[in-house]
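The values are calculated or read from the model by the stated rules, or taken from the named source; none is laboratory data. Keep in mind the model is a prediction, meaning the values are calculated, not measured. Quick reminder, even Gly has a Cβ in these numbers, built from the backbone with ideal geometry, and neighbours come from all protein chains shown. In case anyone asks, the SASA skips ligands and DNA or RNA and just uses the protein heavy atoms, side chains included. Shrake-Rupley method; radii C 1.70, N 1.55, O 1.52, S 1.80 Å.
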Amino acid sequence: MASISRRWLLKIFAAVGGASTLAGRFPFLKLISANMLKRADNRGATTRVNAKTHIAVIGAGAFGGWTALYLLRRGARVTLLDAWGPGNSRASSGGETRVIRGTYGPNQPYTKVAARAAQLWKENQKRWNLKLMHQTGVLWMVAAGDDHFERESLPLLRDAGIPYQELSVQEMAARWPQINLEAVHWGIYEPEGGFLMARVACQAVLDGFLAEGGEYRQVAVVPRDLDGKWDSVSLSDGSKLDADQYVFACGPWLGKLFPETVGNRLRPTKQDVFFFGAPAGDDRFTESKLPVWADHRDRFLYGIPGNQGRGFKVADDTRGPEFDPTSGERTVSADGLRVIRDYIAFRFPALKDAPLLESRVCQYENTPDNNFIIDRHPRHENVWLLGGGSGHGFKHGPALGEMMAGLMMEHKNPEPLFKLERFRK
């Protein structure tokens, strides 16, 4: 085995879609770990690693995993850590699906970031031979009255090159008769939007990262105040990790690790998600007959149809109560279920008595302005803080990872919109 070159193995991995695909086709190759790959052709690999900047990325969710991958592709040596593993049930990046769309209102960078992210999702899923992005379309139902958010989204969609259609109520009713369009004034349809496989994607990013030579450890950073003086990270297994640079992409835990710099500027909230069952033989609420939808009224509700028979997903985007992502009990509230049942009885009448198939609790980690945190630590030039997904971060993962790799490897500064100093104004 020692005579097999690392380059030859990685060529095979790329050809068949990654390490996990190869192991599935050839069981004996399950014995070849990522560490074995790095040890193959050992003398050359050691020379290259010693010449590289070593970057530790803490957190293997949508932000951290993609950042680690793109740093690796830019030539860094990267060690990725996660306490419970990518896409785990405590993580903000856990769960089955997330929406990918470009409608974001006026005066924001996220429409262009979403356009770039969609391109990178397609490139990487082709590279890995794994379907992660389902382009079912996204329908925005615009309420009568104030439609400033949607109307001002249209120029940004055009500038970003994201296809869209403005639809009348009559056009929507003809295409999707299963929706009751009462109180809807008009709509935006993004035909290339849809949903992403969240948990599966987090694991796919890790698999790709390992196949390309990254190093991963499932271990936690010891929770202590990192705002003060330190030169290495203490880990839950008793070891320490010493790197040249660090990226902390710890989702809802970022404020606890950096209480002075981040602290309560990042607020984890409890978000209930529900899955309902359609009548037997009724396919009107599957992804083949209905797009992802968003209903922007007094409350912002959204849903994802189908997804491999999992059920009709409905969630309320309203920020929930504060939540402890480590020890919080993940039980949905009865009041939340009642609100959702009343809503689907109104908007999707055929699902009025639909049974609840399953439910789950996830969390957002919200900043006061719902913008991301992308900045260097004010006291540690070699430490970057990355977080504040605020309920809309997952879709941007690959574009954000690419951006972070560029900032770090080219020694650039982040945009003021994302910097920590905005909280002190």
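Taking a ≥ b ≥ c as the square roots of the Cα gyration tensor eigenvalues, the stretch 116-195 comes out oblate, since a/c reaches at least 1.5 and a/b does not exceed b/c. For a straight C-alpha distance cut-off of 17 angstrom, the aspartates and glutamates reachable from LYS395 (same-chain residues fewer than eight places away being disregarded) are GLU96, GLU123, GLU190, GLU192, ASP317, GLU365.
Ranked by the mean number of other Cβ atoms within 10 Å of their residues, highest first, the peptides 202-210, 357-365 come out as 202-210, 357-365.
Taking label positions 7 Å along the Cα-Cβ direction at both GLU171 and LYS131, the computed distance is 2.8 nm, reported to one decimal. List every DSSP H helix in the chain whose Cα atoms extend 15 Å or more along the helix's own long axis and whose mean Kyte-Doolittle hydropathy is at least -0.5. Membrane-span-like by this criterion, though nothing is claimed about a membrane: 6-16, 62-73, 198-211, 334-347, 397-409. What does the net charge come to around GLY406 if you take all other residues with beta carbon closer than 13 Å to its beta carbon, with K and R at +1 and D and E at -1? Spelling it out: positives minus negatives among the neighbours equals +1.
What accessible area per residue, rounded to a whole number of Å², is obtained for the stretch 143-191 using a probe radius of 1.4 Å?
Details: 2520 Å² over 49 residues.
So the stretch 143-191 comes to 51 Å² accessible per residue, rounded to a whole number.
With the contact rule set at Cα under 8 Å and sequence spacing of 6 or more, what percent relative contact order holds for the chain? Normalised by residue count, the contact order of the chain is 21 percent. Where only DSSP H runs of four or more residues are counted, the chain gives -9000 deg cm²/dmol as its mean residue ellipticity at 222 nm, each run worth -39500 (n - 2.57). Shape verdict for the stretch 93-230, please, from the Cα gyration tensor: rounded (a/c under 1.5), prolate (a/b greater than b/c) or oblate. It comes out prolate by the Cα gyration axes.
Looking at the chain, send over the antiparallel percent of its DSSP beta bridges, to the nearest 5.
70 percent
Let me have the relative contact order for the stretch 209-302, percent, based on Cα pairs under 8 Å that are six or more residues apart. With pairs under 8 Å counted, the relative contact order is 16 percent.
Partners of LYS52 within straight-line reach, counting lysines whose Cα lies under 18 Å from its Cα and excluding those fewer than 8 residues away in the same chain: LYS38.
Order these peptides, 376-382, 300-306, by their mean beta-carbon neighbour count within 10 angstrom, highest first. Before the final figure, lay out the partial values.
Working: 376-382: 14.9, 300-306: 21.7.
Going by the mean number of other Cβ atoms within 10 Å, highest first, we get 300-306, 376-382.
Split the accessible area of the chain by element, probe 1.4 Å, and carbon with sulfur accounts for 50%.
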